[in-house]
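See below for the structure under consideration.
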Amino acid sequence: MLVNGQWQKKWDPVQKKDSDGRFIRQSSAFRNRITPEQVQAALGNPNKDLGLKLYVGYICPWATRTLIARSLLGLEQYIPISVVEPQLTDFGWHFAPAGSGFPGSSSADDEGIEHIHQLYTQTDGQYTGRATVPVLWDQVAGKIINNESEDILRIFNQDLHPLHQSELDLYPEVLRAKIDQFNDSIYHTFNNGVYRAGFASTQQAYEEAYQEVFTTLDQLESHFSEQQYAVGTQLTESDIRLFVTLVRFDVAYHGLFKTNQKRITDYPALSGYLERLLQIPAFANNTRVDHIKAGYYSVKALNPTGIVPVGPELDWFKYL
Ligand SMILES: N[C@@H](CCC(=O)N[C@@H](CS)C(=O)NCC(=O)O)C(=O)O
């Protein structure tokens with residue numbers, strides 16, 4: 001992580017913990033939005049260039065939220081992406097030299113930077129904190145606009161609405177209260193719950209998170225026995241936020257994070273829901289099981305040998 005703009009080689013991928021060993025995620029530092037004037041100016045350009053770039057990792061559920069929204073809303077042509085190597089190194093997320101990187105990752109030669117932390121120090125020379133993805137980058141100002149996936153989803157859905165190539169509204173006004181409620185009901189106990197189990201540093205903190213993960217999965221199983229979508233009768237940002245954790249569960253969390261009471265495959269309604277979403281290209285095309293496995297199993301604190309499991313073989317791989 002960075003301390004006053006200096007990269008600290010000795011940092012802990014497990015992040016902060018409380019006195020009982022519970023994992024604490026840092027909050028995001030850059031929370032700007034895109035103004036209607038910026039969008040209007042871009043609409044005036046022949047190529048509608050917004051000067052934006054999205055830095056992501058296919059391993060990362062938070063980054064994948066933004067990738068799926070970008071694809072669903074038809075924003076791919078306006079927002080180029082840069083994909084980091086799946087492994088988190090002693091220098092954080094990085095790009096490899098051309099020809100030597102992981103398939104599907106961008107190269108350092110094309111990017112002109114080697115490490116994601118360079119984006120943070122370019123934005124704030126005194127930045128203290130973790131250098132996380134996703135990052136929404138302003139190529140003109142050379143600064144981070146926003147590094148919080150929750151906001152980036154809303155920027156794409158609302159701020160960039162005039163550029164959409166789709167009728168979808170991922171945060172429709174009439175459903176906002178329900179969407180917020182659903183998001184809250186899965187964030188602590190599921191999206192972040194799996195991390196709280198995996199990165200717990202005491203037995204008690206792990207068991208607490210583990211129980212919450214499976215209580216939430218049981219509730220979701222009954223929800224999807226009767227409902228097709230997370231909220232209402234249409235696809236919303238809540239489906240994206242649930243999907244990114246579901247799709248990583250059997251391939252990474254079940255083994256590495258020890259959330260192993262059941263697999264998603266053992267829940268018929270949730271499996272059906274996952275498979276329905278995977279039949280939508282925006283979901284399937286942004287799911288890279290190779291990056292997910294290589295990335296999670298490279299966390300030395302949890303897997304010192306770095307060995308990446310060969311399995312599992314899952315039915316839904318056929319959609320990828
Ligand atoms: N709240 C952030 C969380 C982003 C985040 O934690 N990303 C992870 C990757 S999945 C990361 O970059 N971790 C690097 C680190 O912790 O140093 C968001 O949702 O955008």
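The values are calculated or read from the model by the stated rules, or taken from the named source; none is laboratory data. Quick caveat, the model's predicted, so the values are computed rather than measured. For neighbour counting, all protein chains shown are included, and Cβ atoms are generated from backbone atoms with ideal geometry for every residue, glycine included.
Some points to look at:
- Selected residue [among the hydrophobic types (A, V, I, L, M, F, W, C), within 16 Å of the ligand (Cβ to nearest atom), modelled with pLDDT under 95 and buried (at least 17 other Cβ atoms within 10 Å of the Cβ)] from LEU54, LEU88, LEU50: LEU88
- Filtered residues of segment 116-138 (kept if outside any loop (DSSP other than H, G, I, E, B) and touching a residue at least 40 places away in the same chain (Cβ under 8 Å)): HIS117, LEU119, TYR120, THR121, THR123, GLY129, VAL135, LEU136, TRP137, ASP138
- Evaluating THR236 against the criteria (1) touching a Pro at 6+ places or on another chain (Cβ under 8 Å); (2) over 21 Å from VAL84 (Cα atoms); (3) surrounded by fewer than 21 Cβ atoms within 10 Å (Cβ to Cβ) leaves one unmet condition, (3).
- Taken together, the residues in segment 285-307 that are surrounded by fewer than 19 Cβ atoms within 10 Å (Cβ to Cβ) and touching a Ser or Thr at 6+ places or on another chain (Cβ under 8 Å) amount to 2.
- Scanning segment 91-103 for residues that are more than 16 Å from the ligand (Cβ to nearest atom) and in a loop (DSSP other than H, G, I, E, B) returns PRO97, ALA98, GLY99, SER100, GLY101, PRO103.
- Segment 8-47, subset of a type in the set (S, T, N, Q) and more than 9 Å from the ligand (Cβ to nearest atom), residue nearest to LYS293 (Cα to Cα): GLN8
- Any hit, segment 295-312, residues being part of a helix (DSSP H, G or I) and either touching a residue at least 12 places away in the same chain (Cβ under 8 Å) or in contact with a Gly (Cβ under 7 Å, 6 or more places away or on another chain) (or both): yes
- Residue in segment 263-288 that is nearest to the chain's Cα centre (by Cα), counting only those that are within 23 Å of ASP184 (Cα to Cα) and part of a loop (DSSP other than H, G, I, E, B): ARG263
- Condition met for GLY21 (surrounded by 14 or more Cβ atoms within 10 Å (Cβ to Cβ), more than 29 Å from PHE243 (Cβ to Cβ) and not basic (Lys, Arg)): yes
- Failed criterion for LYS293 (all others in (1) closer than 23 Å to PHE214 by Cβ; (2) of a type in the set (Lys, Arg); (3) over 20 Å from the mean Cα position of the chain (by Cα) hold): (3)
- Of the set (1) crowded, with 20+ Cβ neighbours inside 10 Å; (2) assigned to a loop (DSSP other than H, G, I, E, B); (3) among the charged types (D, E, K, R), all apply to ARG70 but (2).
To keep it simple, each residue is scored yes or no on (1) under 16 Å from VAL140 (Cα atoms); (2) out of contact with any Pro (no Cβ under 8 Å at 6 or more places or on another chain).
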| residue | (1), (2) |
| --- | --- |
| ARG25 | no, yes |
| ASN32 | yes, yes |
| ASN45 | yes, yes |
| LEU50 | yes, yes |
| TYR58 | no, no |
| GLN77 | no, yes |
| VAL83 | no, yes |
| GLY92 | no, yes |
| GLY112 | yes, yes |
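- Selected residue [within 21 Å of ARG31 (Cα to Cα) and not charged (D, E, K, R)] from ILE186, ILE145: ILE145
- One residue stands out among those in segment 57-85 that are of a type in the set (Ser, Thr, Tyr) and more than 24 Å from PRO304 (Cβ to Cβ): the one that is farthest from the ligand (Cβ to nearest atom), which is TYR78.
- Residue that is modelled with the lowest pLDDT [pool: residues in segment 1-47 that are among the small types (Gly, Ala, Ser) and touching a Ser or Thr at 6+ places or on another chain (Cβ under 6 Å)]: GLY21
- Candidates ASP184, ASP180, ASP159, filtered to the one that is within 17 Å of the chain's Cα centre (by Cα) and charged (D, E, K, R): ASP184
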